[in-house]
Amino acid sequence: MTRSPEISQAILDDVKAVVVVTLDIEDQADDLGPETGLYGNLPELDSLTVVKLIVALRKRFRIEIEIDEIVGDIFDTLGRLAAFVESKVRWDPVGGVEY
């Protein structure tokens, strides 16, 4: 299974959409990009909303996230979070990402 070292734009867009809805920051959506800082930079993202965000990502992408995988650096930037999600989704070599 070969993947591009870059994050899939589709996954980045979907992760961004989940973040925007979960944090209720629709007014900031246009300003969010891969380098946007999340935890510590967005006041809406605190320990409680991290849990809500994990639940939302699990539902949206149909992925499993183990408790020991929830480390602070995956919430550093939107790009890191998207890369983490991308590492968890199933990959269909014929059809691409399957979520």
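The values are calculated or read from the model by the stated rules, or taken from the named source; none is laboratory data. What you are looking at is a predicted structure, and each value in this text was computed from that prediction instead of being measured. Every residue, glycine among them, receives a Cβ derived from its backbone with ideal geometry; neighbour counts consider all protein chains shown. Protein only, heavy atoms only, side chains kept; ligands, DNA and RNA dropped before computing areas. Shrake-Rupley method; radii C 1.70, N 1.55, O 1.52, S 1.80 Å.
The set of residues in segment 6-15 that are open to solvent by 50 Å² or more (accessible area, probe 1.4 Å) and under 16 Å from Phe61 (Cβ atoms) comprises Ile7, Gln9, Ala10, Asp13. Can you work out which of the residues in segment 13-41 that are closer than 17 Å to Asp73 by Cα and among the hydrophobic types (A, V, I, L, M, F, W, C) is nearest to the chain's Cα centre (by Cα)? So, considering only residues that are closer than 17 Å to Asp73 by Cα and among the hydrophobic types (A, V, I, L, M, F, W, C), the one nearest to the chain's Cα centre (by Cα) is Val15. Within segment 36-74, the set of residues being part of a loop (DSSP other than H, G, I, E, B), in contact with a Phe, Trp or Tyr (Cβ under 9 Å, 6 or more places away or on another chain) and open to solvent by 80 Å² or more (accessible area, probe 1.4 Å) comprises Tyr39, Arg62. Search segment 18-35 for residues being among the hydrophobic types (A, V, I, L, M, F, W, C) and closer than 14 Å to Arg80 by Cα, and hand back the single one that is least open to solvent (accessible area, probe 1.4 Å). Looking at the filtered set, the residue picked out is Val19.
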